[in-house]
Amino acid sequence: MLKAKLFNSKFQVFHGTGKPFGFEQKQLAIELNEGEALVKIVLATICGSDLHTIEGKRREDVPCILGHEAVGEIVEIKDRPGFAVGDRVTWSIADSCGKCAACTDYGLPEKCHELFKYGHASINKGSGLNGCYSNIIHIRRGTHLVKVPEVVDNPMAAPANCALATMVNAVSQLKNMPKKVVVQGGGLLGVYACALLKEKGVDEIYCLDINLNRFEIIGKFGAHPVDGRDMHKATSFLLDRLGDGADAIFEVAGVKELIPQGISLLRPGGQYILVGLVHPDSELKVTAEQIIRKCLAVKGIHNYAPWHLEEAIHFLERNHRNFPFDELVSPPFDLESIEEAVLEAKKQRWFRVSVKPKA
């Protein structure tokens, strides 16, 4: 049995909406159980869901350490075959039991009956090192670890265990290889969707967004950018080019008003994959008749399974030179300056703002 070791931890504590973060430094005695690991955070990124929590649009147990997108290096590990101290890794956002029906029968470990999510848990659970706005994170036994190849740098890898893995899951739901796809939303989920579809050889990819500053990047990631500021004009523009309609549409903007537009753009028998509307303001003005008469398939996607994270890292390895991933993530802010980083993230000048603990 490993004896408890002392670790110097530095982390930002979120105390609730409207309250300042609290930077803390503590020496913690941690004894790892079988299958667990301690990982030094080398780079974290601020996800949109983190901003929603900070702004009060979603609630978490506080106090807590936010942050779930990150890449790190193993500093301590116990009984994890294939992994060793010094390995650069990423990990699944969810820790799953591997025994319940969701894990074993449904193929949805991300909906485990005993689910634990990093960056969403109280600091009073376990060692407390449950989030990525920290210099170290405590990885639980049921968390999937993935080694990061050398060609995948830290800014590429950090968002992979949330945004990219989620879109790998979403794109994997396609029943057939589409020829025409519309992506509603040109944020990080959207540009990842475009790149994943482009790699698969999709002929026509249209990406709608209201932020014209994103158009150049959208083009670099394989799609035709479409001005979504006037919904009527955007819909007419796309209908002129889609013929019978899109084979598939991905909603990744989190805007409920886009759903009627999406249904109008789908061809009969098309697929609508919903990813972005993970918030309370998501009641849809859609009739069952609209879905039935067009024989549509509607699929909801939330998070991902371990195999999607594996594929996300393989995708980055295959395409590290094919898409400008380096243009998506900001230069890092110091962990001590988390509130400045949050303000920068709210400006939406970057697809992700990054945070880095001091050595």
Practice task
Take region 233-284 and flag every residue that is under 15 Å from GLU204 (Cα atoms) and of a type in the set (D, E, K, R).
Solution key: ASP240, ARG241, ASP244, ASP247, ARG267
Completion exercise
Among (1) in a loop (DSSP other than H, G, I, E, B); (2) within 15 Å of LEU309 (Cβ to Cβ); (3) not small (Gly, Ala, Ser), PRO81 falls short only on (2)
Exercise for the section: State the number of residues belonging to region 53-76 that are in a helix (DSSP H, G or I) and surrounded by fewer than 16 Cβ atoms within 10 Å (Cβ to Cβ). Expected result: 1
Problem - Out of LEU265, LEU309, LEU258, LEU316, sole residue that is assigned by TED's automatic domain parsing to the domain that holds LYS200, surrounded by 14 or more Cβ atoms within 10 Å (Cβ to Cβ) and closer than 27 Å to THR53 by Cβ - result: LEU258
Completion exercise
Within region 320-340, residues assigned to a helix (DSSP H, G or I) and under 18 Å from the mean Cα position of the chain (by Cα) come out as PHE325, ASP326, GLU327
Practice task
Filter region 14-50 down to residues that are of a type in the set (Asp, Glu) and part of a loop (DSSP other than H, G, I, E, B) and give me whichever is modelled with the lowest pLDDT.
Solution key: GLU31
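The values are calculated or read from the model by the stated rules, or taken from the named source; none is laboratory data. Because the structure is a prediction, the values reported are computed rather than measured. Virtual Cβ from ideal backbone geometry, glycine too; neighbours counted across all protein chains shown.
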